[in-house]
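Reviewing the structure listed below.
The values are calculated or read from the model by the stated rules, or taken from the named source; none is laboratory data. Quantities reported herein were computed from a predicted structural model and do not represent experimental measurements. Glycine gets a Cβ as well: all are built from the backbone with ideal geometry, and neighbour counts include every protein chain shown.
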Amino acid sequence: MAFVSSVLVASLALLNPAFAQSVDGSKYNNPTAGPPSSYFAAATSVPVAALKSAAAKASTAAKDATYPINNDGGAAKVTIHSDWSKFSEGAAFVWVADMDVDCDGLDYKCKGNPDGLPDTNFGALAAYEVPWIVIPDKFGTTYQSVLPGNNIGAVICDGKMFYGIYGDSDGDTPQVIGEASWLMARTCFPNDDLNGNAGHGNVDVTYILFTGKDAVLPSSALNKNYITNFTTLRSMGDNLMAALAKNLGLSGGSGNPTTTLTTKTITGTSPTATCTWSGHCAGASCSTENDCSGDLVCKSGKCASP
C-alpha cells in the first residue's frame, strides 16, 4: 500500500543518513526557486479530504482562541479549536482561516513587505526556504508548554496537504490569524502571485498544529535560518498525521507506520477491490486525486484504478 511504503521509506531515512534529503538551505533562499513542493508534501494516501471535513466539524474553542483574519474593521473572526488536543498521540489544534504571507526573518525585505522584521520567534528563518505557519502571539504564550516552537504543522489548501513548522507569531494590534511563510503560501496558491501585501483572502485553508515535545522538529533537521533535512519533516508529519487520522476514526490512519494497515473489502463494484477509505473507493464520486483512497485516481468524476 502506498501509505505504508511511503511513510516506511521516510522512517528509514531517519535511521540511515543515506536516505536523508539533506539540503543546503542557502541554495533555495530565492523568491522564485525555493524547495520543490514534493520536499514537504504529505504522503499521497493521507486522507486529506476526510481530515478537512473533520476539521470543519471541530467546535471546542481553546483558551484565548478567537482572532480576526486581518486588522480591518469588521474582518471575519476565526477560532482555534482544541477538540483534537487531548489525544495521547497526534494531538493537535485546528482552525480554518485565510492565508496571508509572512516574510519576517532572513527574507524580511520580500516583495510587498516594507515593515518586516529581521527575526522570527525562534531564529531568523528564511521565508523563501522554510514552510512555516504563524499563530497569534497571545495564543502561543498561553500554550507555550505544548507549543515550544518549531512544532510540526500542516495546511490543507486547494485540496493538497503540506507540512511545515510553527515558526513565527503575530504580535500586531489586533493580533491576527491566517498567515504562513512566503514558501508555504506560494506553494499553496502558485498562480496568485502572493506576497507580503497580497494574500489569499478566502477563509478556506485548514491549519493543523501538533502539540508536545515529540512534535518538535529537531535541531538536526534545521538551524536558525533553514530546514536542513526535509525527510525528517515529512516523516514526522506523516507519522503524526497517521496517529491523528486513527484517533479520528478515519480509514488509513495508523499510529505505527511500519505496520501494515488493515484493508476493507468493498463490494458493489466489479471487480471487488480492497480499499482503506470507505466512501472514497472505486466508483465513488471525486473531483481531485485527493478524494480517492490509496492508489486510486479520479477519472471522469469517479475513483478508479490508474
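Taking the criterion of being in a strand (DSSP E or B) and touching a residue at least 24 places away in the same chain (Cβ under 8 Å), the residues of segment 50-67 that qualify are ALA62, LYS63, ASP64, ALA65, TYR67. Just so you know, in segment 173-223 the residues that are assigned to a loop (DSSP other than H, G, I, E, B) and of a type in the set (A, V, I, L, M, F, W, C) include one that is surrounded by the most Cβ atoms within 10 Å (Cβ to Cβ), and it is ILE177.
Screening LYS138, LYS86, LYS109 for residues that are within 23 Å of LYS213 (Cβ to Cβ) and free of Cβ contacts under 8 Å to residues at least 12 places away in the same chain leaves exactly one candidate, LYS86. The listed residues are THR258, THR228, and the only one of them that is among the hydroxyl-bearing types (Ser, Thr, Tyr) and modelled with pLDDT of 95 or more turns out to be THR228.
Of the residues making up segment 68-88, those that are within 20 Å of the chain's Cα centre (by Cα) and either β-branched (Val, Ile, Thr) or in a strand (DSSP E or B) (or both) are ILE69, VAL78, THR79, ILE80, HIS81.
Of all positions in segment 122-134, at least one carries a residue that is in the same structural domain as ASN29 (by TED's automatic domain parsing), surrounded by fewer than 24 Cβ atoms within 10 Å (Cβ to Cβ) and part of a loop (DSSP other than H, G, I, E, B). Return yes or no: is VAL7 among the β-branched types (Val, Ile, Thr), on the phi < 0 side of the Ramachandran plot and modelled with pLDDT of 95 or more? Taking the combined requirement at face value, the residue does not satisfy it. The single condition from (1) at pLDDT 95 or above; (2) farther than 22 Å from PHE189 by Cβ that ASN29 fails is (2). Within segment 100-121, restricting attention to residues that are crowded, with 19+ Cβ neighbours inside 10 Å and touching a Pro at 6+ places or on another chain (Cβ under 9 Å), the residue that is nearest to THR173 (Cα to Cα) is ASP104. Across segment 135-161, what is the number of residues that are assigned to a strand (DSSP E or B) and crowded, with 23+ Cβ neighbours inside 10 Å? Counting residues in segment 135-161 that are assigned to a strand (DSSP E or B) and crowded, with 23+ Cβ neighbours inside 10 Å gives 9. Mind listing whichever residues of segment 68-100 are touching a helix residue (DSSP H, G or I) at 6+ places or on another chain (Cβ under 9 Å) and closer than 9 Å to VAL176 by Cβ? ASP100 - this is the single residue of segment 68-100 that is touching a helix residue (DSSP H, G or I) at 6+ places or on another chain (Cβ under 9 Å) and closer than 9 Å to VAL176 by Cβ. Based on what the data block shows, is VAL94 within 18 Å of VAL203 (Cβ to Cβ), of a type in the set (A, V, I, L, M, F, W, C) and buried (at least 17 other Cβ atoms within 10 Å of the Cβ)? Taking the combined requirement at face value, the residue satisfies it.
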